[in-house]
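Encoded as structure tokens, the structure appears first; notes follow it.
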């Protein structure tokens, strides 16, 4: 390589020496810059300059790789389906995912404690319904949406908005949450067709519900109230039905119904029922004529994150085609992107069910109602 650098210098020196002996000729003015390369059609072509946004994002990616880890607090379901997600994300960026599983309320309280003592461990919080909304209300998250490249073109998504008004929550998935019944205990002709039927004496002591006094579970009931399917009088009467109050993750509650400990589980998400049905359990989801609530799955970046750049990179990756495919192929839920196949597990009896969509208006309404402690007043303290 060194000889290639020296030879041109020798030639230049020789030419200078020869020019001293040569006749004086008027010099030809050389262009200060080479002419642009010709392209077909006679037009000139220049390489596009990276935008300031692209340059800034490249710095985020580089810093994220140095951080090397992103810690996610999510449901047991997230932990179950994280194998391919972890593999693909680490393969693409060399960044390891660490996932702590628990119920939305448990994880919310853990983040509160971490923030209070000034030692945050979580970088990302992922949950559904009221837990993730309460996470924002408590001031535990920050808006990272303005930096994420995947959010520049919102036409690729099936929902609008993709994130909350303040940008603190990104809704990356949607799920249907119908009542789940034990088909050995409830025959087809005896299945309830309306939410009002659950007030009948025959259902007393046979229903297991996600604890309506917990932040995350309350959202299901408030969704029905928001759409005027039920009212406070309905809840008062339902409280007399001696329901079981389940505070664990939905899948375990659904398994209790599968074992016959209860006949019905209210608000069972499809990601909870599908794996239990795959084991051959005698359960199924049923549609109610007034409608079935939908649950939005959200992720948010934790304030004072220990790995802020890795957190932003993961948030953005979850919105890419690769990230959505990796997650939903295992999750069997409805993806957010239009160019990703819908892997949703949807029983035939729910294909044409009326759905009650979660909106940010309904979330905000629910949050205001939660502050009144109405559910604790109706169903009693825990």
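The values are calculated or read from the model by the stated rules, or taken from the named source; none is laboratory data. A quick note: this is a predicted structure, and the numbers were derived from the prediction, not measured. In this analysis, Cβ positions are derived from the backbone assuming ideal geometry, glycine residues included, and neighbour counts consider all displayed protein chains.
Residues that are touching a helix residue (DSSP H, G or I) at 6+ places or on another chain (Cβ under 9 Å) and either over 22 Å from residue 174 (Cα atoms) or free of Cβ contacts under 8 Å to residues at least 60 places away in the same chain (or both): does segment 217-228 have at least one? Even if it seems obvious, please write down each step before you answer.
Step one: list which residues in segment 217-228 are touching a helix residue (DSSP H, G or I) at 6+ places or on another chain (Cβ under 9 Å), which gives 217-227.
The next check asks that each one be either over 22 Å from residue 174 (Cα atoms) or free of Cβ contacts under 8 Å to residues at least 60 places away in the same chain (or both); those that pass are none.
No, there is no match, as no residue in segment 217-228 is touching a helix residue (DSSP H, G or I) at 6+ places or on another chain (Cβ under 9 Å) and either over 22 Å from residue 174 (Cα atoms) or free of Cβ contacts under 8 Å to residues at least 60 places away in the same chain (or both).
Here's the yes/no breakdown for (1) in contact with a strand residue (DSSP E or B) (Cβ under 8 Å, 6 or more places away or on another chain); (2) modelled with pLDDT under 70:
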residue	(1), (2)
339	no, no
343	yes, yes
350	yes, no
378	no, no
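Looking only at segment 183-218, residues that are within 16 Å of residue 377 (Cα to Cα) and not in a loop (DSSP other than H, G, I, E, B) come to 3 in all. Filtering segment 225-235 to residues that are part of a helix (DSSP H, G or I) and surrounded by fewer than 17 Cβ atoms within 10 Å (Cβ to Cβ) leaves 232, 233.
Among residues belonging to segment 259-272 that are in contact (Cβ under 8 Å) with a residue 40 or more places away in the chain and assigned to a loop (DSSP other than H, G, I, E, B), point out the one that is nearest to the chain's Cα centre (by Cα).
First, pick out the residues of segment 259-272 that are in contact (Cβ under 8 Å) with a residue 40 or more places away in the chain: 260-272.
Next cut, assigned to a loop (DSSP other than H, G, I, E, B) only: 260-263, 266-269.
Working: 260: 33, 261: 32, 262: 31, 263: 31, 266: 23, 267: 19, 268: 18, 269: 15 Å.
Ranking the candidates gives 269 first.
Suppose we filter segment 131-173 for residues that are outside any loop (DSSP other than H, G, I, E, B) and either buried (at least 21 other Cβ atoms within 10 Å of the Cβ) or modelled with pLDDT of 85 or more (or both); how many remain? Break it down stepwise before answering.
Going through segment 131-173, the residues outside any loop (DSSP other than H, G, I, E, B) turn out to be 131-137, 141-142, 145-147, 149-151, 154-157, 163, 170-173.
Now drop any that are not either buried (at least 21 other Cβ atoms within 10 Å of the Cβ) or modelled with pLDDT of 85 or more (or both), which leaves 131-136, 141-142, 145-147, 149-151, 155-157, 163, 170-173.
So the count comes out to 22.
If only residues of segment 289-330 that are assigned to a strand (DSSP E or B) and more than 12 Å from the chain's Cα centre (by Cα) are counted, the one that is nearest to residue 118 (Cα to Cα) is 302.
The residues of segment 235-258 that are in contact with a strand residue (DSSP E or B) (Cβ under 7 Å, 6 or more places away or on another chain) and either free of Cβ contacts under 8 Å to residues at least 40 places away in the same chain or within 19 Å of residue 225 (Cα to Cα) (or both), listed by number, are 241, 243, 244, 246. Of all residues in segment 295-311, which are buried (at least 22 other Cβ atoms within 10 Å of the Cβ) and farther than 12 Å from residue 125 by Cα? Matches in segment 295-311: 295, 296, 307, 310.
Would you confirm, using the coordinates I've provided, whether residue 275 is farther than 30 Å from residue 64 by Cα and either over 16 Å from the mean Cα position of the chain (by Cα) or modelled with pLDDT of 95 or more (or both)? So residue 275 fits the description; yes.
Given the condition part of a helix (DSSP H, G or I) and crowded, with 22+ Cβ neighbours inside 10 Å, answer yes or no: does some residue in segment 236-250 qualify? Among the residues of segment 236-250, at least one is part of a helix (DSSP H, G or I) and crowded, with 22+ Cβ neighbours inside 10 Å, which makes the answer yes.
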